[in-house]
Amino acid sequence: MGNIDLEQKELIVFGFSQGVATASRVVSELNLKPDHLIFYAGNPAHDIKFPLELKINTKVHFVYGDQDEYINEENAIKIIDYLKDLTKITPEVIRYQGLHTINSSILGTIITS
């Protein structure tokens, strides 16, 4: 299998729930510079290199449901503040009506934005 030139591809890193910590670790450990980071209803890892060295135009999204049983408003604010520190980019926050599930319509809109 040959190497993939990630500079020639649009790289989107997505994590949902506990996968957000994994996604943030992958970006940190592999020193990836994604075009888009989507952290969906979860916390980034707190034991990674700080800050992530991202492209200046990297899009960062934090998405969660208003009825999420794991992320309340207070937790969401802490996650958003941590993301600002971690990425040096203010994330676009999307709070939708719903539980701790992936809303495919919202995800599709984010990916195509």
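The values are calculated or read from the model by the stated rules, or taken from the named source; none is laboratory data. Small disclaimer: the values here were computed from a predicted structure and weren't measured. Note that each Cβ is placed from the backbone with ideal geometry, even for glycine, and that neighbours are counted across all protein chains shown.
Taking segment 36-68, which residues are closer than 21 Å to residue 112 by Cα, modelled with pLDDT of 95 or more and charged (D, E, K, R)?
Of everything in segment 36-68, just one residue is closer than 21 Å to residue 112 by Cα, modelled with pLDDT of 95 or more and charged (D, E, K, R), namely 59.
As an exercise: evaluate residue 54 against (1) under 14 Å from residue 107 (Cβ atoms); (2) under 14 Å from the mean Cα position of the chain (by Cα); (3) of a type outside the set (D, E, K, R) and give the number of the one condition it does not meet.
(1)
What number of residues within segment 28-51 satisfy the criterion of being over 14 Å from the mean Cα position of the chain (by Cα) and part of a strand (DSSP E or B)?
Adding up the residues that qualify gives 0.
Residue pairs, Cβ under 6 Å, 6 or more apart or interchain, first in segment 88-113 and farther than 13 Å from residue 39 by Cβ, second of a type in the set (A, V, I, L, M) and surrounded by 14 or more Cβ atoms within 10 Å (Cβ to Cβ). List them.
Note: pairs meeting the criteria are 96/106; 100/41.
For the list (1) modelled with pLDDT under 95; (2) part of a loop (DSSP other than H, G, I, E, B), I need the number of the one condition that residue 71 fails.
(1)
How many of the residues making up segment 27-49 are crowded, with 17+ Cβ neighbours inside 10 Å, β-branched (Val, Ile, Thr) and free of Cβ contacts under 8 Å to residues at least 40 places away in the same chain?
1
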